[in-house]
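The values are calculated or read from the model by the stated rules, or taken from the named source; none is laboratory data. These numbers were taken from a predicted model, which means no experiment stands behind them. Because the Cβ atoms are built from the backbone with ideal geometry, glycine has one as well, and the counts that use them run over all protein chains shown.
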């Protein structure tokens, strides 16, 4: 018994030593002068909400933001005046900050007084040590609204509602394009229409003015609450979002977290960051799905009438098999026999990918019925890939699920086993290519999801026609999405089928003309999914460091740095850039892009940039 007690005490001591050492290391790292965005958390919340922290870090990694996650109990031991000099942004994610020590309030106030900026999400500081709700959120006086109203409304203080953005200026500033809005104002997307979100019943305070509310929550009970608040506080800026953003990202809705973080970090605070598109130029994926014998006619028509153009690189996903609904039905595309010449012709216009497993509706129907599991999905996709590879001569790495039937994480794990890199996806609707989450976990760190962008509830031209969209509606959408990716320096995917083009022939031709024009001006790039997926992995593998005290900004990548762009705020002075680096600018940033003429895999910008 004594031996057991000694062992137990020893283990406890070892744990305490390791825990203390970890905290000491974290505190030391915070006192350094290197730049980073701080993601705050209560370590006691990680067991239940650790996935939220993972979601934030995943998005920040993909957006080229230097960040570190910080134990709140460690942070408050330090001087906020010293911290703010190099780390002028703090994020309070949802879930992991429901209980916070009271000392953090005074700390944050001093941080803001000295020019810090703080992003509050949904529920920071709403509980006490005993897990009971407070009468008022710890930061309500800073935000201008009480976001925990349990005392007044009981369990009804949490409800569901819709995010409502009432004017175009706010929609543009928040990075929410009109096609993501239902009825012109309500955030929504493909198939569902307006999205119903978990929200808090928020009581507005007198010190919050109308201009500081950028979006509202329309609750299901007909009431209206602040949804997004952006306001100055002392010398800093605070932003509050009344949606559990990390939770939403963790359950296949990437768009809200990404767009609100981009708004705060890139438009409000304007931090230096790496741009998540190659050469800093916004990108568009035009994804065609070829699934049956009807395309034997539509593909030649597309080529003859200039709907497929050599200057535009498409993602073209093909169901290769010799049937569509069931064996012997005669509705096949038959890629390795009667459709082979068409595959060769299509390959001249982009990258060929796999559209599921051999028989389009057969494959999706059997998955939905539960007949197909991992073994069958693997075998049919492999068969489809091998047929297409025998024609194209290269490995098939792109994928699109027939009828959008892509059970997560099962289907993506199959793609990973097959060595595929990317896939069209109906989840995370309207967002950037990303490593999607489901059920609180990243599905894969090796395969990139490309969410479809839709016009409201409709994504393909066929769906738009059924919904009564006019040619002018569709043309406006196609032009607007092109302008959006160019302005926001991001990537989006649109998709349809070759047999859909006759539904909107003039809109599509005008769109392709516009794409060619903007490509020549290097304002947009139209490339396949795999091109942007490969760049995302390159970005994630690029080491990026900033130390303002030493005037140091450096980048490195074991492979090379070609195509990497750093966005530098306008208050930085840039001069005499060396060969292989180009400089562009807009109203917010200066963009330094590394071209193929730069021969090194390490770049130190210290000699060329000063603050």
With respect to residue 376, is the statement that it is farther than 23 Å from residue 531 by Cα and surrounded by fewer than 19 Cβ atoms within 10 Å (Cβ to Cβ) true? yes
Considering only residues that are exposed (fewer than 15 other Cβ atoms within 10 Å of the Cβ) and at pLDDT 95 or above, look in the range 305-318 and name the one that is nearest to residue 392 (Cα to Cα). 306
Within the range 263-273, can one find any residue that is in contact with a helix residue (DSSP H, G or I) (Cβ under 8 Å, 6 or more places away or on another chain) and over 23 Å from residue 565 (Cβ atoms)? no
Where in the range 539-603 are there strands (runs of 3 or more DSSP E), lying fully within it, with 2 or more residues that are touching a helix residue (DSSP H, G or I) at 6+ places or on another chain (Cβ under 9 Å) and outside the structural domain of residue 65 (by TED's automatic domain parsing)? 565-569, 581-585, 589-594
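Take residue 321 and tell me if it is touching a strand residue (DSSP E or B) at 6+ places or on another chain (Cβ under 8 Å) and buried (at least 19 other Cβ atoms within 10 Å of the Cβ).
Values: touching a strand residue (DSSP E or B) at 6+ places or on another chain (Cβ under 8 Å): no; buried (at least 19 other Cβ atoms within 10 Å of the Cβ): yes.
The answer is no for residue 321.
Name every residue in the range 49-86 that is part of a loop (DSSP other than H, G, I, E, B) and in contact with a strand residue (DSSP E or B) (Cβ under 8 Å, 6 or more places away or on another chain), in order of residue number. So that I can check it myself, show each step before the final result.
Of the residues in the range 49-86, the ones part of a loop (DSSP other than H, G, I, E, B) are 63-66, 76-79, 84-86.
Answer for the range 49-86, where residues must be part of a loop (DSSP other than H, G, I, E, B) and in contact with a strand residue (DSSP E or B) (Cβ under 8 Å, 6 or more places away or on another chain): 63, 64, 65, 66, 86.
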Filtering the range 460-506 down to residues that are within 30 Å of residue 590 (Cα to Cα) and outside any helix (DSSP H, G or I) yields 489, 490, 491, 492, 493, 494
Given (1) touching a residue at least 60 places away in the same chain (Cβ under 8 Å); (2) farther than 23 Å from residue 122 by Cα; (3) touching a helix residue (DSSP H, G or I) at 6+ places or on another chain (Cβ under 6 Å), residue 55 misses just (2)
Check on residue 82, crowded, with 19+ Cβ neighbours inside 10 Å and either outside the structural domain of residue 52 (by TED's automatic domain parsing) or over 15 Å from residue 50 (Cα atoms) (or both): no
Please verify whether the range 402-412 includes one or more residues that are touching a residue at least 40 places away in the same chain (Cβ under 8 Å), farther than 19 Å from residue 299 by Cβ, assigned by TED's automatic domain parsing to the domain that holds residue 293 and in contact with a strand residue (DSSP E or B) (Cβ under 7 Å, 6 or more places away or on another chain). yes
Total residues in the range 561-572, condition modelled with pLDDT of 90 or more and surrounded by fewer than 16 Cβ atoms within 10 Å (Cβ to Cβ): 2
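Please determine whether any residue of the range 432-449 is part of a helix (DSSP H, G or I), touching a residue at least 12 places away in the same chain (Cβ under 8 Å) and in contact with a helix residue (DSSP H, G or I) (Cβ under 8 Å, 6 or more places away or on another chain). Let's see the steps before the verdict.
Within the range 432-449, the subset part of a helix (DSSP H, G or I) is none.
No, every residue in the range 432-449 fails to be part of a helix (DSSP H, G or I), touching a residue at least 12 places away in the same chain (Cβ under 8 Å) and in contact with a helix residue (DSSP H, G or I) (Cβ under 8 Å, 6 or more places away or on another chain).
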How many residues of the range 389-408 are out of contact with any helix residue (DSSP H, G or I) (no Cβ under 7 Å at 6 or more places or on another chain) and either in a helix (DSSP H, G or I) or surrounded by fewer than 18 Cβ atoms within 10 Å (Cβ to Cβ) (or both)? The answer is 5
Test for residue 533: is it in a helix (DSSP H, G or I) and more than 20 Å from residue 594 (Cα to Cα): no
Here are the criteria: (1) out of contact with any helix residue (DSSP H, G or I) (no Cβ under 9 Å at 6 or more places or on another chain); (2) without any contact (Cβ under 8 Å) to a residue 40 or more places away in the chain; (3) more than 27 Å from residue 267 (Cβ to Cβ); (4) surrounded by 15 or more Cβ atoms within 10 Å (Cβ to Cβ). Tell me which single one residue 608 does not satisfy. (3)
Looking at the range 183-207 only, could you name the residues that are crowded, with 17+ Cβ neighbours inside 10 Å, farther than 30 Å from residue 135 by Cα and touching a residue at least 24 places away in the same chain (Cβ under 8 Å)? 186, 187, 188, 189, 190, 194
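Only one residue in 343, 414 is surrounded by 15 or more Cβ atoms within 10 Å (Cβ to Cβ) and farther than 27 Å from residue 189 by Cβ, so which one is that? Steps first, answer last, please.
On the way: 414 fails: farther than 27 Å from residue 189 by Cβ.
Criteria check complete, one pass: 343.
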Within the range 494-524, the residues that are under 22 Å from residue 178 (Cα atoms), touching a residue at least 40 places away in the same chain (Cβ under 8 Å) and in contact with a helix residue (DSSP H, G or I) (Cβ under 7 Å, 6 or more places away or on another chain) are 494, 496, 504, 508, 515, 523, 524
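When you check residue 459 against the structure, is it over 14 Å from residue 192 (Cβ atoms), at pLDDT 95 or above and touching a strand residue (DSSP E or B) at 6+ places or on another chain (Cβ under 8 Å), yes or no? Can you show your working first?
Working: over 14 Å from residue 192 (Cβ atoms): no; at pLDDT 95 or above: yes; touching a strand residue (DSSP E or B) at 6+ places or on another chain (Cβ under 8 Å): yes.
The answer is no for residue 459.
Is it fair to say residue 282 is touching a strand residue (DSSP E or B) at 6+ places or on another chain (Cβ under 8 Å), in the same structural domain as residue 526 (by TED's automatic domain parsing), more than 17 Å from residue 399 (Cβ to Cβ) and crowded, with 20+ Cβ neighbours inside 10 Å?
Details: touching a strand residue (DSSP E or B) at 6+ places or on another chain (Cβ under 8 Å): yes; in the same structural domain as residue 526 (by TED's automatic domain parsing): yes; more than 17 Å from residue 399 (Cβ to Cβ): yes; crowded, with 20+ Cβ neighbours inside 10 Å: yes.
In short, yes.
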Those residues of the range 87-108 which are more than 26 Å from the chain's Cα centre (by Cα) and either assigned to a loop (DSSP other than H, G, I, E, B) or under 26 Å from residue 272 (Cβ atoms) (or both) amount to 100, 101, 102, 107, 108
Residues that are more than 27 Å from residue 313 (Cβ to Cβ) and assigned to a helix (DSSP H, G or I), drawn from the range 332-363: 361, 362
Show the residue pairs meeting these rules: Cβ distance below 6 Å; 6+ apart or different chains; first residue within the range 311-335 and more than 12 Å from residue 291 (Cβ to Cβ); second residue part of a loop (DSSP other than H, G, I, E, B). 313/527; 313/528; 315/528; 322/332; 322/334; 329/323
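Give the range 133-144 a look and list any residue that's touching a residue at least 24 places away in the same chain (Cβ under 8 Å), under 15 Å from residue 207 (Cβ atoms) and surrounded by fewer than 24 Cβ atoms within 10 Å (Cβ to Cβ), or say none.
140, 141, 142, 144
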